[in-house]
Amino acid sequence: MSSASITVDRTGTNYLSIDGSPFTPTPGSGPASQKAAMDALRDHAARTNQPVRLHVTEQDGAVFHLNITPDGQIWTAPEPEPAPIETPTGSQEPEPLTIPRIDQSTPSAEQGFPVDEHHTFREVQSDVHSSMTPVPQREYQQATEPITPPPAVPAAEPQASDPVDADPRWIAIAQEPATRGFRGTLNGMGLKLTPTDAELAERRESLRQEIAREEETRRADEQLAQEEAVKETRRTARERAAAEQDRAERAVIQTNYGEPKTVGFMNDKGGVGKTTDALCIAAAAGRIRGGDVIAWDANETRGTMGFRALKDHHSRSVVDFLDQAATEFTTVEGSRRTTLSRYTRGQGDNKFAVLASDESRKKQDQVDGEAFRTVHEIVGRFYSLIIVDTGNNHEVSHFKAALAATDQLVIPVSPGEDGAYAAELMLDNFIGWGYGDLVKNAVVLLHDSATQHGDARAIAAKFENRVRAILPVPFDPILDAGGQIDFDALAPDTRAAYQTAAAAISHGLAEHSDGDSR
């Protein structure tokens, strides 16, 4: 049998020696070099027709043995047994040490004392004591004092257990064949060599890091779950609060006033949102009250409510009603809602009706203060909530009649300072005309805008001590476009804002109602 050795140095170079020949590096490096060395040994075994016993020393100093047969097969070989330690020839077992027993009762010469017939044992004992050197008293005391034991060393704290040992994956990972170094190369050739301690240490560290990553992920997931739970709790609380607010607002909006109530939307400044607010408040209230709401474009000139409201199969206006049907309502038999409905425009699911101004400015001019009072009295017979959208001139009789009929004043204000300024002047006039209580109970709707920029807080501060409530209305592109208003298409926040405003308006009406609120 031939013998061979392969040694792998720190650089990964493989050195081969066969039958004591000098170590020579094999070509290449890494697995390619190791495969070249094994091919050389296979060729040698085949050429000599003798098996080769291979001794391999890896980079980390690990050693293993292989047998290579002439037909090229490779087998793992057991480690060679250490040679037995030989005993030198002619050596004898040492004689056991014999300790003589001293008999104090019968001293003799064998015990090391010179005893003869002229000396007694006590005389010999006296001679022994006289030959001993006396120990000083101080040294004797120190020698006889008890020995103080050294302080106890605290026991070392037990080291934390390695999480790898507790991981069920480690057993399978540790038993996997080697994949690194020479053993890994040989395993690629069909062997099943176990990994070295260094490779096991790498696997242990790799699993340890994976466990740490998993633990970090678990903690992150747990933290995320806790945060989500907190968010869900807060979300649930917000939803519960919103639901409670919705129920409370709906209850107020559904108040039975006991008599028809009129809400006037007024501001001398045009373009501040009077028509928009009137239609949206009518929609919010109509959906909740269930159909006893009407929005009336009581503009002294041509208004835009008919343009922005949902269309009906006719285009008749308040002027047509005055010209064609107002006289029918002078008798009980003629006072029918169906007659009025021929001049109003239904708003579908919004459950309110629109009484539009005339598209002809000349015809609309016919509606003066007396005409307003006539229409208002007839409308009040069939609707409990009358929403009035007014014009921009509070000096005309039409506007003054609307002001006199108003139970709840609503003041739309745009973000610009001009709208707030116009509203302030208007309120001053109202107070001068004796409507101070109406002003104190007023609701201001403060609009946001994408184009107009103003200091909302400063504008709100102008009305803070003058009116009952100041409510924000968020910007909504559908409203800002100026076209037909589809209430369902508005943003949820916009719809919610108008419902809140409708509740505030209804609250003011309920406080001055002759009926029982519910």
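The values are calculated or read from the model by the stated rules, or taken from the named source; none is laboratory data. In this text, all values refer to a predicted model and were calculated from it rather than measured experimentally. Glycine also receives a Cβ, built like all others from the backbone with ideal geometry; neighbour counts cover every protein chain displayed. Areas reflect the complete protein model, heavy atoms only, side chains present, ligands, DNA and RNA absent. Shrake-Rupley method; radii C 1.70, N 1.55, O 1.52, S 1.80 Å.
Quick rundown of the values:
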| quantity | calculated |
| --- | --- |
| When residues of region 430-465 are limited to those that are at pLDDT 95 or above and either out of contact with any helix residue (DSSP H, G or I) (no Cβ under 8 Å at 6 or more places or on another chain) or in a loop (DSSP other than H, G, I, E, B) (or both), the one surrounded by the most Cβ atoms within 10 Å (Cβ to Cβ) | Ala442 |
| Some residue of region 389-412 being open to solvent by less than 20 Å² (accessible area, probe 1.4 Å), among the charged types (D, E, K, R), closer than 24 Å to Arg308 by Cβ and out of contact with any Cys (no Cβ under 7 Å at 6 or more places or on another chain) | yes |
| Residue that is nearest to Ala295 (Cα to Cα) [pool: residues in region 353-377 that are touching a Lys or Arg at 6+ places or on another chain (Cβ under 8 Å), assigned to a helix (DSSP H, G or I) and in contact (Cβ under 8 Å) with a residue 40 or more places away in the chain] | Gln364 |
| Residues that are open to solvent by less than 20 Å² (accessible area, probe 1.4 Å) and either out of contact with any Gly (no Cβ under 8 Å at 6 or more places or on another chain) or at pLDDT 90 or above (or both), drawn from region 46-71 | Val52, Leu54, Val56, Phe64, His65, Leu66, Ile68 |
| Region 289-302, subset open to solvent by 20 Å² or more (accessible area, probe 1.4 Å) and not charged (D, E, K, R), residue nearest to the chain's Cα centre (by Cα) | Gly290 |
| Residue within region 252-263 that is of a type outside the set (Ser, Thr, Tyr) and touching a Phe, Trp or Tyr at 6+ places or on another chain (Cβ under 7 Å) present | yes |
| Filter result for the condition that a residue is within 30 Å of Arg180 (Cα to Cα) and either part of a helix (DSSP H, G or I) or open to solvent by 70 Å² or more (accessible area, probe 1.4 Å) (or both), over Arg235, Arg218, Arg213 | Arg213 |
| Unmet requirement for Asn350, which otherwise passes all of (1) under 51 Å from the mean Cα position of the chain (by Cα); (2) without any contact (Cβ under 8 Å) to a residue 40 or more places away in the chain | (2) |
| Number of the exception - Ile485 against (1) in a loop (DSSP other than H, G, I, E, B); (2) open to solvent by 60 Å² or more (accessible area, probe 1.4 Å); (3) β-branched (Val, Ile, Thr) | (2) |
| Pair list, Cβ < 8 Å and 6+ apart or interchain, from region 322-340 residues that are farther than 15 Å from Gly380 by Cβ and part of a loop (DSSP other than H, G, I, E, B) to residues that are at pLDDT 90 or above and hydrophobic (A, V, I, L, M, F, W, C) | Ala325/Leu340 |
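Yes/no per residue for (1) open to solvent by less than 80 Å² (accessible area, probe 1.4 Å); (2) over 30 Å from Asp39 (Cβ atoms); (3) under 40 Å from the mean Cα position of the chain (by Cα):
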site	(1), (2), (3)
Glu176	no, no, no
Arg208	yes, yes, yes
Glu222	no, yes, yes
Glu239	no, yes, yes
Ala242	yes, yes, yes
Gln245	no, yes, yes
Pro260	yes, yes, no
Ala278	yes, yes, no
